[in-house]
Every structure is written in structure tokens, then in C-alpha cells.
């Protein structure tokens, strides 16, 4: 009987070591060697202190900062509760939430008269989206400029400087990382 079980046990041990230890170790070493920032969470530091990640959104409610997309992740940008709301397009809960987001945006940005960009009133699939569209950033520019007592032109220049294009020139949409833009606002 052992003659028939022994090869299976040896293979189990071999593949446990190869797939469970060697492979993850090699991948970790390669990632640390060639993609250290991404492998460690794309963290953003300011004065030697980690202030966030360029991959995970954060809550900004103050008028002097750009606001991110609404989050469906727990109490707001909670990585352990990352998920979408799973509301369908005819869901009363979704309609009510979007209406509340529109009312809140209008209240916070009374100077803005144009159509509200959809990403300012709808949550992303993960609920942790760190980016907004350039249109969303421009829609908030007047509020931020007024709250900071700086020119609207200066705020628009910062937005323009922080627009990231499509990946490889054709994937995705242009976007603005909210944390990076808000950190730039704090620079003298």
C-alpha cells in the first residue's frame, strides 16, 4: 500500500514547496527589484510620513479640497469593505442616493451651473476609486479657489498639470488623482 501512496506524498511535498514557497518567493523578489513602489502599495509620502496611496481613494469633505467620487465601501473608502453597491439602474435606493449626491454637490458648489459629471454622483465598482474625471475636477475648481482665496486660474492650472492620460495612449479615460491634486494644493 505504501508503494502506491508514496509517489503521491512525494509529489504533494514537492509541489507544496515549489508552488507554496519557491514561486511566491521568486515573484516577491522580482517585484521588489523591479516594481518596488507598486509592490509596496504605491504609497505617497510627504515629509517622510505616508499620507495615502495613489491606488486607494480617501475621504475629503472640506471645501478647500477636491472631493472624490462617492464610496460604497463601508463607512467610506474602507479597504476591508471594498465593493460596489450592486444597485441596478432602476433601483429606488440608487436613484435616491444619486439625487442626494446631486443636491449635496449643488449645495457645496453653488457657483457651478453646468451638468454635473456622473462620476461625482455615482460610486465606482470597488468603492475605492482614487481618481475623478477632469470634468469633475473643473466642476469643483471655483469652490476650491474661493475656499483657499487663490485665483481660479491657478486652480485650473493645477488641475491641468495633474491630468493623467489614457494608459498606453488608448486604454481607459483621462483622470485626475484626487490625493495628488489635493497635496499639490497644499504646496506653497
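The values are calculated or read from the model by the stated rules, or taken from the named source; none is laboratory data. Everything numeric here is computed off the predicted structure, so don't read it as measured data. Positions of Cβ are generated from backbone atoms using ideal geometry, with glycine treated the same way; all protein chains shown enter the neighbour counts.
Out of all the residues in the range 166-177, is one or more assigned to a helix (DSSP H, G or I) and in the same structural domain as residue 80 (by TED's automatic domain parsing)? For the range 166-177, residues assigned to a helix (DSSP H, G or I) and in the same structural domain as residue 80 (by TED's automatic domain parsing): absent.
Within the set 180, 184, the sole residue that is touching a helix residue (DSSP H, G or I) at 6+ places or on another chain (Cβ under 6 Å), under 21 Å from residue 51 (Cβ atoms) and in a helix (DSSP H, G or I) turns out to be 184.
How about the range 1-40: which of its residues are outside any helix (DSSP H, G or I) and within 26 Å of residue 53 (Cβ to Cβ)? Break it down into steps so the answer makes sense when it comes.
Narrowing the range 1-40 to residues outside any helix (DSSP H, G or I): 1, 35, 40.
Hits for the range 1-40 are 35, 40.
Over 26 Å from residue 54 (Cβ atoms) and either surrounded by 12 or more Cβ atoms within 10 Å (Cβ to Cβ) or without any contact (Cβ under 8 Å) to a residue 40 or more places away in the chain (or both): does that describe residue 149? Spelling it out, residue 149 is indeed over 26 Å from residue 54 (Cβ atoms) and either surrounded by 12 or more Cβ atoms within 10 Å (Cβ to Cβ) or without any contact (Cβ under 8 Å) to a residue 40 or more places away in the chain (or both). Of all residues in the range 104-127, those that are without any contact (Cβ under 8 Å) to a residue 12 or more places away in the chain and either under 22 Å from the mean Cα position of the chain (by Cα) or farther than 19 Å from residue 62 by Cβ (or both) total 4.
Criterion first (touching a strand residue (DSSP E or B) at 6+ places or on another chain (Cβ under 8 Å), surrounded by 13 or more Cβ atoms within 10 Å (Cβ to Cβ) and either under 26 Å from residue 187 (Cβ atoms) or assigned by TED's automatic domain parsing to the domain that holds residue 177 (or both)) does residue 78 satisfy it? Criteria not met by residue 78.
Scanning the range 83-123 for residues that are part of a loop (DSSP other than H, G, I, E, B) and either touching a helix residue (DSSP H, G or I) at 6+ places or on another chain (Cβ under 8 Å) or crowded, with 17+ Cβ neighbours inside 10 Å (or both) yields 85, 87, 88, 109, 111, 112, 114, 116, 117, 121, 122, 123.
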